[in-house]
């Protein structure tokens, strides 16, 4: 613990100069997520927010050396699906911007417009090794949840990287409930919305009557139907997944991502053949509703074995427990998913899904999001010693750690309000 605190203090002291001076992280077990694989006793050199080199060479002359001997050095973790920064207190409407059921706008909404970089969950996630996340609202008044944003976890006001990473939609049981009460209604609603966006503005009614979408919604959906922004659709039941895959033939320009896919293992070969990536929760194994009766802990491993591109996240715990995604990856490994595939599922795979090949990897030219761990990052008891975002060492503290430290000082005089009465 003392060594960890000293390392963190050293990094923070140097943080203001991090962009001006080269940093060489030496002696660690480097997980590159590239064809270089894992490099033992390697060196990662960072300068001006980018990776300069990754290999076994010595630190460059004049670089600030960070000794990572006996530690793991990896890319920063990337949450493929999150709602961190959108709900400080989910049970309080004024502090919850996840959904807008009373609004006539759904597809046109942008999570970036609600994002709060001061959300306490950001610091909590960062000190667990997360450097980026894709955040998005939830469908409420229709099938669409709006546009997702990619954000970094610096907590800075300028921490929004991308405003339109993907569009979220929901089918299955959830979509049926918002589209009139049945899956058939939800499917027809989605196809009609796609047609509205494709034909806009040609033949579009001035008042939107006769169309599913009003003008603003059609405009918002148009980049999706033209293939410029991916469409992420939450489905779980095997038959719902198969129906969604038919959209590939009807609308070949649309870039599909499947969210959930709890019964995906049953149709893994079809998903693989369609080349559609999935985001799954490896711990979804309880059949708590009819659409996931075939849930299994082996879902992620079976999908990966079938050649499906798999990312890992938990949509059900997306606002405050983004930090637990690495534990989901560890459980995926325990249930048949190769370690390398599971680690990429929380780093390079999410980054590539959203067009960010510069993230989730340690290679020359990549963005310098780097984490130094005291052990295997997928082991429950491992934790980060240091987290770099854009090459800058970040604070390794949160509101919770500050409270812990305050109350551990048992001999320090405190205001009366803190004393036990």
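Values in this text are rule-based calculations from the coordinates and carry no lab data. Remember, it's a predicted structure, so these values are computed and weren't measured experimentally. Positions of Cβ are generated from backbone atoms using ideal geometry, with glycine treated the same way; all protein chains shown enter the neighbour counts.
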Angle between the chain longest axis and helix 325-334 axis [Cα atoms, degrees, rounded to 10]: 90
Cα gyration tensor shape of region 77-359, rounded if a/c is under 1.5, else prolate or oblate by comparing a/b with b/c: oblate
Protection proxy ranking, peptides 297-303, 91-97, 125-131, average beta carbon neighbours within 10 Å, highest first: 125-131, 297-303, 91-97
Crossing angle, helix 399-408 versus the chain [Cα axis fit, 0-90 degrees, rounded to tens]: 40
Ordering of 150-158, 32-40 by burial proxy (mean other Cβ atoms within 10 Å per residue, highest first): 150-158, 32-40
Amide N of region 215-240 lying under 17 Å from the label point, which is placed 7 angstrom from the Cα of residue 185 along Cα→Cβ: none
Using a Förster distance of 25 Å, the FRET efficiency for residue 253-residue 358 (Cβ separation, nearest 0.05): 0.50
Virtual spin-label span in nm between residue 58 and residue 242, 7 Å along Cα→Cβ: 6.4
Spin-label pair residue 288/residue 340, simplified geometry with 7 Å Cα→Cβ offset, distance in nm: 3.5
Most mobile listed residue (344, 402, 255) in the chain, GNM with C-alpha springs under 10 Å: 402
Whole-angstrom gap from region 125-173 to region 239-277, using each part's C-alpha centre: 22
Exposure proxy ranking, count of Cβ atoms within 10 Å, fewest first, for 167, 381, 337: 381, 167, 337
The chain, helix-only ellipticity at 222 nm - DSSP H runs n ≥ 4, -39,500 (n - 2.57), divided by all residues, nearest 500: -7500 deg cm²/dmol
Extension gain from residue 228 to residue 177, taking 0.36 nm per residue of separation minus the Cα-Cα distance: 15.5 nm
Simple label model, 7 Å out from Cα along Cβ direction - residue 163 to residue 270, nm: 3.8
Angle in degrees between helix 2-14 and the longest Cα principal axis of the chain, rounded to the nearest 10: 80
Computed lengthening from residue 118 to residue 48, 0.36 nm per intervening residue step minus Cα-Cα distance: 22.7 nm
Shape of region 323-376, Cα gyration tensor, a/c cut at 1.5: prolate
Global form of region 72-198, assessed from the alpha-carbon gyration tensor, a/c cut-off 1.5: prolate
